[in-house]
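Encoded as structure tokens, the structure appears first; notes follow it.
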Amino acid sequence: MASRAPVATGRLLLGFRKWYYNKCGFNKLGLMRDDTIYEDSDVAEALRRLPENQYNDRTFRVKRALDLSMKQQILPKEQWTKYEEDVHYLTPYLDEVIRERKEKEEWTKK
């Protein structure tokens, strides 16, 4: 009985994540989670390191979202970004940039 509790909790947590993902609203504009990250110097460097096709896809999504936002419209439901399709395409690059920056700061301290 105790071994079944985490499964129910896991399903409940996944259901909550999907609900929250849809409530955030960025998926209705065709954006992904990593498209909504605040752009600071670390994010700018991570974007510079993205492969060209991923960078172009991101630029298209952001421009389309800005256009839809200005028109106060959303995409048709079949074009919304789905929770299962959303991948963290920028996060690995961002983690690498942050790790390198921290390592550089450690070297300059000494």
Leading residue by the ranking (modelled with the highest pLDDT) among those in the range 11-51 that are small (G, A, S) and outside any helix (DSSP H, G or I)
G30
Being surrounded by 13 or more Cβ atoms within 10 Å (Cβ to Cβ) and touching a residue at least 60 places away in the same chain (Cβ under 8 Å) is true for just one of Y21, Y55, Y93. Which residue is that?
Y21
Single residue of the range 52-110 satisfying the filter (part of a loop (DSSP other than H, G, I, E, B) and β-branched (V, I, T)) that is farthest from G30 (Cα to Cα):
V87
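The values are calculated or read from the model by the stated rules, or taken from the named source; none is laboratory data. Predicted model only: the values in this text are computed from it and were never measured. Every residue, glycine among them, receives a Cβ derived from its backbone with ideal geometry; neighbour counts consider all protein chains shown.
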